[in-house]
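Take a look at the structure below.
The values are calculated or read from the model by the stated rules, or taken from the named source; none is laboratory data. Nothing here was measured: the structure is a model prediction, and the numbers come from that model. When we count neighbours, we look across all protein chains shown, and the Cβ atoms used for this are built from the backbone with ideal geometry, even at glycine.
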Amino acid sequence: MNFLQALYPLQTVQDFAWSRPGNNTSGGAGIVIFIIFIIIVIAVVIISNLRKGAAGGGKAMSAFALHRLTKNIGLNHDQAKMLGFVFKTDEVLDPYKSLITPELLDRHFRRAYRVIEQGSANEQEKQRKLAILFSTRNILENSSIGKISSTKQLKEDTILTLSTGREKLDVTIVYNKGEHIVIETPKNVLGTQIKIAKGTRLNIMFFTKSNKGFSFESRVSGYSTMHGHPVMLLAHSDNLRFLSQRRFRRRHAGIACFMFLVYVEGSGKKQRLVVNKRRMAGTIVDISVGGCSVKTTVPVQVGAKFKFEFTHEDENTVAALGQVLRSNKTGLSTIIHVKFLRVTQKSMNIINSFVYDFAN
């Protein structure tokens, strides 16, 4: 069957034969109409194909743009592949917008996290994929994409570190949609409110949720109350200086943990780490896969090594070997700042799922 017969199955090609001179002109008119019809059909097909091609071209351009972005960001092959999987899983249409919006990026990665959690064939493969997922997310955290330029862009709950003289005070933004940055009134280590004089100039530092560090200068604009609590007002600034970046995202916590002193036994090639069975209690006040801060009443020496253990809410036990880098007194307690020296892949994934809040 030829093309014309396919269009008109009840007729044959002969029905549309050209009329010889002298034949009825009505037949020639019918053929002209038919040719016009064929032209219209072909035009419709061509336009449809062009539209499909344009749509396909758009996708190809997005993929190409994504490839360029991943190349500039510094992702390796597995991480670039994981990012593609993340965007495909959540049907992302604008990769660049997602890359500069931490909230969107976390949403996409959270969806991919759940897909991996539920769809992996075995535990080892699941942990491997999750490790690549989190390493990809962490590199995106440390990229230069999406830097902020004004304090008006700061989110509520962002922690600011105020420097006044030799004292450094941590405060939280409680409202940031008006003419001033509204923060909680600063307190000293004993919990007593500190009232800094109006007009005082301050040096302020903060880290965003993307772990990007910034500093700026401001001044105390005044004081007020919000929801029955005293607050301090700071002037906005459009002159932010990029400082540095934390290597890993950190999250505030209140997780009970146990610490076991670790010491070296033997010498030379026969050296081994021994974990003391006596456990000490503490509370993890913030954590990342790189380390944590622990509040404890037990005297701890800087440089000491400990095995830290805690149970996550899904009853998975996390264990890590860490070393105390520094400590500072806060009333009757001591805050120790710990760098992790050794963490299992599964424990790292559990910590990251908590830090990024992907498990909920």
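Below, the figures for the structure above:
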read-out	value
Residues that are of a type in the set (Ser, Thr, Tyr) and over 21 Å from residue 263 (Cα atoms), drawn from the range 298-342	311, 317, 330, 333, 334
Residue that is farthest from residue 319 (Cα to Cα), among those in the range 259-274 that are out of contact with any Leu (no Cβ under 8 Å at 6 or more places or on another chain) and in a strand (DSSP E or B)	272
Positions within the range 107-127 being under 19 Å from residue 87 (Cβ atoms) and either of a type in the set (A, V, I, L, M) or not assigned by TED's automatic domain parsing to the domain that holds residue 94 (or both), in sequence order	112, 115, 116
Some residue of the range 230-244 being under 18 Å from residue 170 (Cβ atoms), aromatic (Phe, Trp, Tyr) and touching a Phe, Trp or Tyr at 6+ places or on another chain (Cβ under 9 Å)	no
Unique residue being exposed (fewer than 12 other Cβ atoms within 10 Å of the Cβ), at pLDDT below 90, farther than 17 Å from residue 184 by Cβ and within 30 Å of the chain's Cα centre (by Cα) when the list is 272, 241	241
Residue in the range 255-263 that is among the small types (Gly, Ala, Ser) and in the same structural domain as residue 335 (by TED's automatic domain parsing) present	yes
Failed item, numbered, when residue 294 is tested on (1) crowded, with 20+ Cβ neighbours inside 10 Å; (2) without any contact (Cβ under 8 Å) to a residue 40 or more places away in the chain; (3) hydrophobic (A, V, I, L, M, F, W, C)	(2)
Residue selected from the range 314-343 under the condition under 23 Å from residue 357 (Cα atoms) and free of Cβ contacts under 8 Å to residues at least 24 places away in the same chain, by the criterion surrounded by the fewest Cβ atoms within 10 Å (Cβ to Cβ)	315
Qualifying residue in the range 196-211 (condition: among the charged types (D, E, K, R), more than 19 Å from residue 152 (Cα to Cα), part of a strand (DSSP E or B) and not assigned by TED's automatic domain parsing to the domain that holds residue 103)	no
Residue in the range 211-238 that is modelled with the highest pLDDT, counting only those that are within 25 Å of the chain's Cα centre (by Cα) and surrounded by 13 or more Cβ atoms within 10 Å (Cβ to Cβ)	216
Residues of the range 136-165 satisfying the condition of being touching a helix residue (DSSP H, G or I) at 6+ places or on another chain (Cβ under 8 Å) and either over 15 Å from residue 99 (Cα atoms) or part of a loop (DSSP other than H, G, I, E, B) (or both)	143, 145, 146
